[in-house]
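The values are calculated or read from the model by the stated rules, or taken from the named source; none is laboratory data. The structure displayed is predicted, hence computed values, not measured ones. So basically every Cβ, Gly included, is an ideal-geometry build from the backbone, and we count neighbours across all protein chains shown. Side chains are part of the model used for accessible areas, which takes the heavy atoms of the whole protein and leaves out ligands, DNA and RNA. Shrake-Rupley method; radii C 1.70, N 1.55, O 1.52, S 1.80 Å.
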Amino acid sequence: MSEFTYNERKNIRTSYSVEKVFATDKGFIGRLPDVQYEQNNGSWVSQGSRWLINEEDPQAIMDFGFKSTEL
């Protein structure tokens with residue numbers, strides 16, 4: 001069974017650790033490859049990755065991070 005980290009409100013979770021991507025001498029982008037949102041019926045649905053600049057805490061990325069998007 002996977003170990004999950006939850007956001008502050010316990011409605012978003014991930015089983016991934018933070019990946020540091022696009023690192024420079026000024027900082028990095030912290031990325032969670034996948035997060036899941038709790039639905040009204042109690043099930044969990046994958047919602048893609050989340051990222052935040054200069055952040056290593058998965059809870060902060062889930063609470064304040066940005067969604068992936070396709071251009």
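Looking at 70, 38, 56, which one is open to solvent by 70 Å² or more (accessible area, probe 1.4 Å), closer than 11 Å to residue 18 by Cβ and either among the acidic types (Asp, Glu) or modelled with pLDDT under 95 (or both)?
Sole residue among the options that is open to solvent by 70 Å² or more (accessible area, probe 1.4 Å), closer than 11 Å to residue 18 by Cβ and either among the acidic types (Asp, Glu) or modelled with pLDDT under 95 (or both): 56.
If you check every pair at least six apart or on different chains, which have Cβ atoms under 7 Å apart with a residue in the range 9-35 that is more than 14 Å from residue 60 (Cα to Cα) first and a residue that is among the polar types (S, T, N, Q) and part of a loop (DSSP other than H, G, I, E, B) second?
From residues that are more than 14 Å from residue 60 (Cα to Cα), the pairs are 15/2; 27/54; 28/54; 33/49; 34/49.
Within the range 17-35, can you find the residues that are of a type in the set (Ser, Thr, Tyr) and either at pLDDT 95 or above or surrounded by 10 or more Cβ atoms within 10 Å (Cβ to Cβ) (or both)?
Matches in the range 17-35: 17 only.
Out of all the residues in the range 5-14, which are open to solvent by less than 60 Å² (accessible area, probe 1.4 Å) and assigned to a loop (DSSP other than H, G, I, E, B)?
Residues satisfying the conditions are 7, 11.
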